[in-house]
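Novice: Structure provided below as structure tokens; questions to follow.
Values quoted throughout were computed directly from the atomic coordinates according to the rules given, and no laboratory measurement underlies them. None of these values were measured; they are calculated from a predicted model. We place every Cβ from the backbone using ideal geometry, glycine too, and count neighbours over all the protein chains shown.
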Amino acid sequence: MRDFFIDAFEQLVAVIVVLMIIAVIIAAIAAGSQRGVGLAGAIAVLVGGGIYVIVMGGIMYLGLGIYRNTQRTTEALEAMARK
């Protein structure tokens, strides 16, 4: 049951990252269409938003990786204790 929740969270993280990318693209288009902002504003939103998506997505996947590594370490220690 616990693995179900972790697997579901992995899928949810993937969906959240995709939605964040879409939101950055929409925000860049909106910023670029504003009078006086132009292409420079759209590029700034794309760069800033892209960095944000990379950092936040990385943090979420890092948390999942830590969980998976802890799970494998526990299984290895249990296997060693049985010997």
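Novice: Report, by chain and number, residues whose modeled amide H sits under 5 Å from the one on Val37, excluding near sequence neighbours (fewer than 5 apart, same chain).
Specialist: Hits under the 5 Å cutoff: none.
Novice: Quick one: Debye curve from the alpha-carbon atoms of the chain only, equal weights, vacuum; give me log10 I(q)/I(0) at q = 0.20 Å⁻¹ to two decimals.
Specialist: Log10 I(q)/I(0), no solvent term: -0.89.
Novice: Would you mind working out the magnitude of the charge dipole of the chain relative to its Cα centre, with +1 at each Lys and Arg C-beta and -1 at each Asp and Glu C-beta, to the nearest 20 Debye?
Specialist: So the dipole magnitude of the chain works out to roughly 120 debye.
Novice: In deg cm²/dmol, rounded to 500, what helix-only [θ] at 222 nm does the chain give when every DSSP H run of at least 4 residues adds -39500 (n - 2.57) and the total is split over its residues?
Specialist: Calculated at 222 nm, the ellipticity per residue is -33500 deg cm²/dmol.
Novice: While we're here: Just subtract the alpha-carbon distance of Thr74 and Phe9 from 0.36 nm times their residue separation and send over the number in nm, one decimal.
Specialist: 21.3 nm
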